[in-house]
1. So for the pair A105, V81, with labels modelled 7 Å out along Cα→Cβ, what separation do we get in nm?
2. How long is the gain from I62 to K134 if the chain were fully straight, where each residue apart is worth 0.36 nm and the alpha carbon distance is subtracted?
3. Cα to Cα, under 27 Å, and not fewer than 8 places away if on the same chain: which lysines meet these conditions relative to K76?
4. Taking only the alpha-carbon atoms of the stretch 1-87, what semi-axes of the equivalent ellipsoid follow from 5 times the gyration tensor eigenvalues under a square root, in whole Å, largest first?
5. Could you give the length gained on full extension between I30 and Q6, defined as 0.36 nm per residue of separation minus the Cα-Cα distance, in nm?
6. Could you give the nm distance between label points at K40 and L92, where each point is 7 Å from its Cα heading toward the beta carbon?
Amino acid sequence: MIRFIQAVFRKLISPEFLKFATVGGISALIEFALFNWLFKLGMDYLVANVVAFAITNIVTYILSRIYVFGASSGNKVMEAVLFFLCLSGALLISQLLLWALVDYADMDELFAKGIAMAIAIVWNFFSRKYIVFKHSNAIPDQSSTDSVVDNF
């Protein structure tokens, strides 16, 4: 179990994850600002979430493909389809958490959005790494514990 935790931690501090965090941090700031702006203009918080999420993630796809995971050698149309399918999972997670935290936990919409974004970020990294960009040209980390993490 300790080897597994160490392997996960090494993955999370890898250069690839740090690039992902940079792109994700910029995207998260934009998404949160858009959400806040749309919500303050009177848009329903769940609609504002979808709009901000969709706009931000078009840019995120491009940056992830170029900067984080490298251009894949595979079918780019399939890659885009997989990206947006995985993104749909992140949006579903975000919507459900936002709804539950606001409507059932009586949490402030902006605070709930922050929590939902944090959880969606973890989903996004692993779904992009292991589903969307798994055949990228990026040089993989060859530590001896990679196979432990790659199998979860």
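What follows draws every value from the coordinates through simple rules; no lab data is involved. Fair warning: this is a prediction, and the values are worked out from it, not measured in the lab. Here the Cβ is made from the backbone with ideal geometry for all residues, glycine too, and neighbour counts use every protein chain on show.
1. It works out to 3.6 nm between the two label points.
2. 24.3 nm
3. Those lysines meeting the cut-off are K11, K19, K129, K134.
4. Equivalent ellipsoid semi-axes, largest first: 28, 19, 12 Å.
5. 5.4 nm
6. Those two pseudo-labels are separated by 3.3 nm.
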